[in-house]
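Each value in this text was obtained by applying a stated rule to the coordinates, not by laboratory testing. Since this is a predicted model, take the numbers as computed values, not measurements. Methodologically, a virtual Cβ is constructed for each residue, glycine included, from the backbone with ideal geometry; neighbour enumeration extends over all protein chains shown.
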Amino acid sequence: MRQSAGSASIHAGQGGRVRTSLNEPGESAPTLLVELENVPSGTFAEAEAVIDGESESLILYREGDRVRAWLNICPHAGRRLDFAPGQFLKSRDGLLVCAAHGATFETTHGECTAGPCRGQSLRSIAVVVRDGKVWHEASAAG
């Protein structure tokens, strides 16, 4: 069930979709995902990184100086959550909304709180904030 436009808003921050150069699969060097200043607090952005040897789309959510990241894949049907690259829906109460089927996810652990995959969670990806930049370290567990 898709939420009406009145209950969700487009939320891409200033950065929206973030393009970075990727490390080659198997490299252990950290991958720069985004400059922290390009993702305003309380917003979502999209970045790409190599995860398990594959180039993957990530959802980044910034809250103050902390950034959380998940694979941009809804557990319900395996589709991306954004309705266009880097363009995410956010409910009035701050939840991430899947553009395909309206599942809503809380932003602490990525758990689905309503919709077709209730009780399931987005796959968390470990990221670190260092020197005003958000990094994915391939050796870090998600």
>> Sort 50-61, 96-107 by packing, meaning the average of other beta carbons within 10 Å per residue, with the highest value first.
In response: 96-107, 50-61
> Any idea how far the Cα center of the range 27-66 sits from the one of the range 98-119, in Å?
Replying inline: 20
